[in-house]
Amino acid sequence: MKKLLVAALLVAFAATPALAVEDTYSYTGKGTVTFNHKVHGEKLGCEACHEGEPAKIEVTDKATGHAACLDCHKEKKAEGAPTKCGACHVK
Ligand code: HEC
Ligand code: HEC
Ligand code: HEC
């Protein structure tokens, strides 16, 4: 029984893609935007942002940044998601 469990864990571990996921990401452009990936994941679940197998999401400019961040914040304003520019863009 124990051996089976260990084998199952090894299989699960081996199947996990070796992606380097950071706890936080930061973007510079209009000041610096800090994204706490870990906290967002814990609170919202991965599928809130990733469809299927989680993969890299490009955040490079205003269009991609606001699509990845601001759209949801507007939807979830009542849940405390900040929409003021300065909440994300810190000088
Ligand atoms: C609020 C949105 C959001 C949630 C929730 C979220 N992610 Fe992400 N995730 C992102 C964004 C944005 C990136 C791209 C970060 C970057 O590289 O700039 C990303 C990147 C990743 C990557 C790719 C890392 C790389 O550089 O290759 C993986 C893997 C990942 N997330 C897994 C997860 C898992 C697992 C969860 C749930 C525990 C999760 N994510 C929850 C937004 C989210
Ligand atoms: C799917 C919805 C969703 C997406 C996508 C999302 N957020 Fe959030 N975010 C929230 C919610 C809900 C909160 C408030 C929850 C809380 O802190 O209790 C929040 C809180 C925050 C906060 C304030 C709390 C803190 O961590 O300092 C910042 C800053 C923030 N988000 C930045 C970002 C950035 C940057 C991105 C894009 C890379 C992003 N968020 C994407 C839902 C989202
Ligand atoms: C929920 C987080 C969030 C909020 C709130 C937000 N932004 Fe952004 N914004 C981003 C992200 C992420 C990027 C992409 C990274 C970057 O370019 O700095 C971005 C990019 C931009 C850019 C392009 C900067 C550059 O040089 O690439 C401008 C301009 C901008 N935002 C203006 C605003 C204004 C004005 C507001 C308020 C009305 C606002 N943003 C609110 C997250 C946010």
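Just need a number here: residues in segment 45-66 that are under 17 Å from Ala87 (Cβ atoms) and assigned to a helix (DSSP H, G or I).
So in segment 45-66, the residues under 17 Å from Ala87 (Cβ atoms) come out as 59, 62, 65-66.
After this cut, where a residue has to be assigned to a helix (DSSP H, G or I) as well, the list is 62, 65-66.
Residues in segment 45-66 being under 17 Å from Ala87 (Cβ atoms) and assigned to a helix (DSSP H, G or I): 3 in total.
Filter segment 48-91 down to the residues that are acidic (Asp, Glu), more than 9 Å from ligand 1 (Cβ to nearest atom) and free of Cβ contacts under 8 Å to residues at least 24 places away in the same chain and list them by number. Glu51, Asp71, Glu75, Glu79, listed by residue number. Among the criteria (1) at pLDDT 95 or above; (2) part of a loop (DSSP other than H, G, I, E, B), the one Ala18 does not fulfil is (1).
For segment 46-65, which residues satisfy the criterion of being of a type in the set (Gly, Ala, Ser) and more than 16 Å from Cys88 (Cβ to Cβ)? Give the steps one after another, and end with the answer.
Within segment 46-65, the first condition is being of a type in the set (Gly, Ala, Ser), and the residues that meet it are 48, 52, 55, 63, 65.
Residues satisfying the conditions are Ala48, Gly52, Ala55.
The values are calculated or read from the model by the stated rules, or taken from the named source; none is laboratory data. Source: prediction; values computed, not measured. For neighbour counting, all protein chains shown are included, and Cβ atoms are generated from backbone atoms with ideal geometry for every residue, glycine included.
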